[in-house]
1. Name every residue in the stretch 178-199 that is within 21 Å of Val77 (Cβ to Cβ) and open to solvent by less than 70 Å² (accessible area, probe 1.4 Å), in order of residue number.
2. Determine the pairs where a residue that is closer than 21 Å to Asn37 by Cβ and of a type in the set (Ser, Thr, Tyr), located within the stretch 140-157, has a partner that is open to solvent by 30 Å² or more (accessible area, probe 1.4 Å) and not in a strand (DSSP E or B) with Cβ atoms under 6 Å apart, the partner being 6 or more residues away or on another chain.
3. Taking the stretch 132-177, which residues are more than 16 Å from the chain's Cα centre (by Cα) and either basic (Lys, Arg) or crowded, with 22+ Cβ neighbours inside 10 Å (or both)?
4. Check whether at least one residue in the stretch 121-133 is part of a helix (DSSP H, G or I), farther than 21 Å from Phe166 by Cβ and among the small types (Gly, Ala, Ser), and report yes or no.
Amino acid sequence: MIEERNTNPDFAFLSACLDGDHAYKYDCVRIQENGENIRPDFNMYDYAIGFHYIDFEDRYIRMPLYYFYQDDYQKAVKKHTLPVSIDNKKFCNFVYSNGNTADPIRERFFDELSKYKTVDSGGRYRNNVGGPVENKYEFQKGYKFSIAFENASVNGYTTEKIIQAFAAGTIPIYYGSPKIADEFNEKAFINCHKYSSLE
């Protein structure tokens, strides 16, 4: 039987995004769960769930952040079974709210691609469509391509960005995990890691 409690737990699931000292207030098995770009600290935690490609016997499970986006994942799996027409779709979208901590390559790529043709930015960052969109999925469905750049380029760091683009029936233009082809069919997206420059 599982019971949730804040005092004297047997197991504590803790986020690595918080101050690490909070883990020490629990005298029990501590499990770090993290979808962000933070390596597990096995000096502080007994077990970890994360995205890195590491082998630490039974103390670690690799579970990229996109695993938690099951609705998008199911749509992405079924994308080839649906009739698709790109005739009435717009060129490309860019939906981001974080411009401060992301790798500047994302912004540079947005600017570079915008020289070719207008890229519609529907997030809070670099918005050019009159304000943030209410529904990312519905917005992305109207485009041929989606810029799907992670906040950083780290092996295994694969968030919801590529899955959400697939789910909406767009072609992801991906940058992030150099090992992305180990997780997704490389013929189904544009892998920026295969090119020598953004141009």
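The values are calculated or read from the model by the stated rules, or taken from the named source; none is laboratory data. Everything numeric in this text was worked out from a predicted model, so none of it was measured. So basically every Cβ, Gly included, is an ideal-geometry build from the backbone, and we count neighbours across all protein chains shown. Ligands, DNA and RNA are excluded from the accessible area calculation, which covers all protein heavy atoms including side chains. Shrake-Rupley method; radii C 1.70, N 1.55, O 1.52, S 1.80 Å.
1. Ile180, Ala181, Glu183, Phe184, Glu186, Ala188, Phe189, Ile190, Asn191
2. Cβ pairs passing all conditions: Tyr157/Asn37.
3. Lys141, Tyr143, Lys144, Phe145, Gly169
4. No: zero hits.
Rundown of residues vs (1) over 17 Å from Ile171 (Cβ atoms); (2) modelled with pLDDT under 95, yes/no style:
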{"position": "His80", "(1), (2)": "no, yes"}
{"position": "Asn100", "(1), (2)": "yes, yes"}
{"position": "Lys115", "(1), (2)": "yes, no"}
{"position": "Gly131", "(1), (2)": "yes, no"}
